[in-house]
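The values are calculated or read from the model by the stated rules, or taken from the named source; none is laboratory data. In this text, all values refer to a predicted model and were calculated from it rather than measured experimentally. Every residue, glycine among them, receives a Cβ derived from its backbone with ideal geometry; neighbour counts consider all protein chains shown.
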2 protein chains.
Amino acid sequence: MISYTEAHKKVIETAMDFGETQVHIMDSIGCVLAEDILADRDFPPFNRSTKDGIAVNSKYIKENDSLKIEGICAAGDPQKELKDFANCLEIMTGAVLPDNCDAVIMYEEVDIENGKARISSSPIPGQNIHKKGSDQQKDEVLLKKGEPISSQNIGVLATVGKERISVKKLPKVAIISTGNELVPIDKVPEIHQIRTSNSYSLQALLRQLNIESELMHIPDEKDILEKRILTALKNFDVLVLSGGVSKGKYDYLPEIFEKLSVQKKFHRVAQQPGKPFWFGMHRDYETHIFAFPGNPVSTYVNFHIYFNDWLDACMSASSKNYEIRMNDEVENSTDLTKFLLVSANHEKAVLTGNLVNGNGSGDLVSLSKASGVIKVEPQSAFKTGSAFSYVPFR
Amino acid sequence: MISYTEAHKKVIETAMDFGETQVHIMDSIGCVLAEDILADRDFPPFNRSTKDGIAVNSKYIKENDSLKIEGICAAGDPQKELKDFANCLEIMTGAVLPDNCDAVIMYEEVDIENGKARISSSPIPGQNIHKKGSDQQKDEVLLKKGEPISSQNIGVLATVGKERISVKKLPKVAIISTGNELVPIDKVPEIHQIRTSNSYSLQALLRQLNIESELMHIPDEKDILEKRILTALKNFDVLVLSGGVSKGKYDYLPEIFEKLSVQKKFHRVAQQPGKPFWFGMHRDYETHIFAFPGNPVSTYVNFHIYFNDWLDACMSASSKNYEIRMNDEVENSTDLTKFLLVSANHEKAVLTGNLVNGNGSGDLVSLSKASGVIKVEPQSAFKTGSAFSYVPFR
């Protein structure tokens, strides 16, 4: 049995690039850019008025002058020209500064009457003008390849006309449940049966990572398992399984993986929850197998402490590390690395947490109350107020 | 011009319930429950073995006994019965404890040979059994009406067979851009034009709130604006607009809203960015109008400081309040409440931030570098390390 640290390392080592794909801008949030996004022109693309008012040539006018209005420049109009330098043009926010002008005086500082604008003070050259190229110059890199796309980036992508964007391809994932006690969600279980739940949790978690996945259930029968897992190995980049990896008589998966030439990276980790976790990779198909134990809390927590980091590594994104200060004493008298459910709060600017006391790894309701897990090293004890490495649930 | 606090209050006051709807479990994350979720049976529904091993009757056996194995209980099998109390049944994790048994001894503590299991110690009654109803009892409330559904809840919903779930209905939103300078994202703009970007940012933000929205662009022509806004008023719960509310000659929206009997709640707020923000509600259609200024940063920030909280209020969900400690000196010498772009970090367990210095409200690239805004009251100055109210971007 290997330690959590070793297991985590072995998982991360298998991270690979799944190539690139094109997505529509509206489907791009959360994806990782596979191209640099360049300014296709200067920003702003022209000297742009930032106020509603009049455009003038500051060199030819002075305080108390009354300027004849030659016309009006609206946003969206092609550039106009001030004919007589002692005159002015009305101008709207977002409009192109007219030729022969170098300043904008806002309406609040002007009296307009009978087609003339009286100004109360001399303008400063450049005032109320957002200068061409002052934000960004053409061909400057606005967003870098490798950056994850956030909602803040969407405006940039739209502005430079990227309707379709090259992003890193996400792995194709199948979620496989095993266990003859499981019935589908829409069936009423017999007394000795329970409904499938892990597959839905996993699918929800994957969807939050932008990964659409396929659900399948395979009964605990060797022949069927072997046949269907072989098909899945050929058709997916990742198989996420729950159940079938413990020491039970019908826990056939490790044996079947071996038969199908999946290279075992490890089986069983000195951790709680999720000790029976099996992880491997098929040499030819390069399919990754995350075979989590069947208990709901084990599956859910293991997904967060292994799969998320692995995916970040595949995307060459850095995993975020959080710390949390616990309002409880925390103890781990076992030889296992423990991941304890906590409910986190923001108290002032500090992230604090309380232990969620549950009934063990089958207890979905405790999981529901938790917002993440803290990592507690074997044989350790901590006073109230101690800081822990924290993995938030998504 | 009213203060930010007054404006925010007026927006929240218009919050309303949009009713209920049913969604599929896989589309339910982020939705707010409109029903209590009850346990449809005890959890676990039977006395469940938590280990692979043998099931025994502790009263009839003792250390070093060799117990004849009567058979095997797999997960998913109906309950079996131990015939002779001095015998045992093999049992797998997740299986129903057989009748006449009260303990499970795990394989690691048993020697099996020739159909017999020799035990090395006397079992304690109840050991390795997850007792029926010990997590939850039938009809207990597992998730409360009004709770937002997280990925942690999906397993609970699946377990009790909720394939379709009653959730609070979200408003139907139209995103309307105005401004003749705007061209669609797939067009190459003329020198005096720019591409639409706010609509895409807003649509992305709404999608993150589970709200699908419709995009429309209306040119700055009074008749067309009036006609199309009237149609939108009738067909949507919310119109989110950007642009057309400043003091420019072609900023027709306030006038048109009035003509269409939209009740103005306020126009212009003592805030930066987003001073020209116009907010109102149509009395008959109950349509809410968030008319944000056209500058990209104004629109994006105003959406976060008004719309998000308003939606939370509509869903009767409590808005989260965050604080952040700034690594910079912060000053606001204006009479406006300022929302400054910051980039946040987790340093140990503390949320800290740095100012993102930008080029004003048109600067999308600065927005791209920010993770949220801090609120800075008018006429105030703060030393490095001061704490601020923080609104993270989603």
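The residue of segment A:117-151 that is nearest to the other protein chains (Cβ to nearest Cβ), among those that are assigned to a loop (DSSP other than H, G, I, E, B) and among the β-branched types (Val, Ile, Thr), is A:149.
Is it the case that residue B:348 is surrounded by 16 or more Cβ atoms within 10 Å (Cβ to Cβ) and either farther than 23 Å from residue A:160 by Cα or more than 14 Å from every other protein chain (Cβ to nearest Cβ) (or both)? Taking the combined requirement at face value, the residue does not satisfy it.
Quick check on residue B:285: is it within 14 Å of another protein chain (Cβ to nearest Cβ), closer than 30 Å to residue B:15 by Cβ and among the hydroxyl-bearing types (Ser, Thr, Tyr)? In short, no.
Given the residues B:365, B:330, B:342, which is the only one that is at pLDDT below 95, of a type in the set (Val, Ile, Thr) and under 28 Å from residue B:294 (Cβ atoms)?
Going through B:365, B:330, B:342 in turn, just one is at pLDDT below 95, of a type in the set (Val, Ile, Thr) and under 28 Å from residue B:294 (Cβ atoms): B:365.
Here is a yes/no grid of residues against (1) in contact with a Leu (Cβ under 6 Å, 6 or more places away or on another chain); (2) buried (at least 23 other Cβ atoms within 10 Å of the Cβ); (3) more than 10 Å from chain A (Cβ to nearest Cβ):
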{"position": "B:21", "(1), (2), (3)": "no, no, yes"}
{"position": "B:71", "(1), (2), (3)": "yes, no, yes"}
{"position": "B:79", "(1), (2), (3)": "no, no, no"}
{"position": "B:86", "(1), (2), (3)": "no, no, yes"}
{"position": "B:95", "(1), (2), (3)": "no, yes, no"}
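Residue-level check: of (1) closer than 29 Å to residue A:382 by Cα; (2) touching a residue at least 24 places away in the same chain (Cβ under 8 Å), residue A:319 misses just (2).
Pairs are defined by a Cβ separation below 6 Å, a sequence spacing of at least 6 or placement on different chains, a first member in segment A:288-308 that is assigned by TED's automatic domain parsing to the domain that holds residue A:342, and a second member that is assigned to a helix (DSSP H, G or I); no pair meets this definition. Condition (residue is modelled with pLDDT of 95 or more, part of a loop (DSSP other than H, G, I, E, B), closer than 30 Å to residue B:204 by Cα and more than 7 Å from every other protein chain (Cβ to nearest Cβ)) applied to segment A:178-194: is it met by at least one residue? No. Taken over segment A:1-52, residues that are modelled with pLDDT of 95 or more and either at positive phi or of a type in the set (Phe, Trp, Tyr) (or both) amount to 4. Scanning segment A:281-302 for residues that are surrounded by 23 or more Cβ atoms within 10 Å (Cβ to Cβ) and in a loop (DSSP other than H, G, I, E, B) yields A:287, A:293, A:294, A:295. Among residues of segment B:352-392 being part of a loop (DSSP other than H, G, I, E, B) and buried (at least 22 other Cβ atoms within 10 Å of the Cβ), the one that is farthest from the other protein chains (Cβ to nearest Cβ) is B:361.
Examine segment B:152-159 for a residue that is in a loop (DSSP other than H, G, I, E, B) and buried (at least 18 other Cβ atoms within 10 Å of the Cβ), and state whether such a residue exists. Checking segment B:152-159: not a single residue is in a loop (DSSP other than H, G, I, E, B) and buried (at least 18 other Cβ atoms within 10 Å of the Cβ). Which one is modelled with the highest pLDDT among residues in segment A:232-251 that are farther than 21 Å from residue A:195 by Cβ and within 12 Å of chain B (Cβ to nearest Cβ)? So the residue we want is A:249. Consider residue A:177 carefully, then state whether it is surrounded by 21 or more Cβ atoms within 10 Å (Cβ to Cβ) and over 27 Å from residue A:89 (Cβ atoms). Yes, satisfied. Among A:229, A:256, which is the only one that is touching an Asp or Glu at 6+ places or on another chain (Cβ under 7 Å), outside any strand (DSSP E or B) and away from every other protein chain (no Cβ under 14 Å)? Testing whether each residue is touching an Asp or Glu at 6+ places or on another chain (Cβ under 7 Å), outside any strand (DSSP E or B) and away from every other protein chain (no Cβ under 14 Å) leaves just A:256.
Does segment B:64-85 contain any residue that is of a type in the set (A, V, I, L, M), out of contact with any Cys (no Cβ under 7 Å at 6 or more places or on another chain) and under 30 Å from residue B:149 (Cβ atoms)?
yes
Whether a residue is touching a residue at least 24 places away in the same chain (Cβ under 8 Å) and under 40 Å from the mean Cα position of the chain (by Cα) was assessed, and residue A:57 does not pass this test. Checked against (1) surrounded by fewer than 18 Cβ atoms within 10 Å (Cβ to Cβ); (2) assigned to a loop (DSSP other than H, G, I, E, B), residue A:224 meets all criteria but (2).
Residue A:206 passes every criterion in (1) facing chain B (nearest Cβ under 8 Å); (2) buried (at least 21 other Cβ atoms within 10 Å of the Cβ); (3) aliphatic (A, V, I, L, M) apart from (1).
Of A:58, A:49, A:66, all but one fail to be crowded, with 21+ Cβ neighbours inside 10 Å, more than 30 Å from residue A:165 (Cα to Cα) and not basic (Lys, Arg); the exception is A:49. Filtering segment B:116-142 to residues that are at pLDDT below 95 and at positive phi leaves only B:133.
Checked against the criterion of being surrounded by fewer than 18 Cβ atoms within 10 Å (Cβ to Cβ) and more than 10 Å from chain B (Cβ to nearest Cβ), the candidates A:329, A:323 yield just one match: A:329. Within segment A:204-219, residues that are more than 22 Å from residue A:24 (Cβ to Cβ) reach partners that are crowded, with 16+ Cβ neighbours inside 10 Å and among the polar types (S, T, N, Q) with beta carbons closer than 6 Å, at six or more positions or on different chains, in the pairs A:204/B:151; A:205/B:151; A:215/A:199; A:217/A:177; A:218/A:178; A:219/A:180. Scanning segment B:30-69 for residues that are of a type in the set (D, E, K, R), touching a Ser or Thr at 6+ places or on another chain (Cβ under 7 Å) and more than 9 Å from every other protein chain (Cβ to nearest Cβ) yields B:35, B:62, B:63. Just one residue in the set A:32, A:23 is within 30 Å of residue A:265 (Cα to Cα) and in contact with a strand residue (DSSP E or B) (Cβ under 6 Å, 6 or more places away or on another chain); that residue is A:32.
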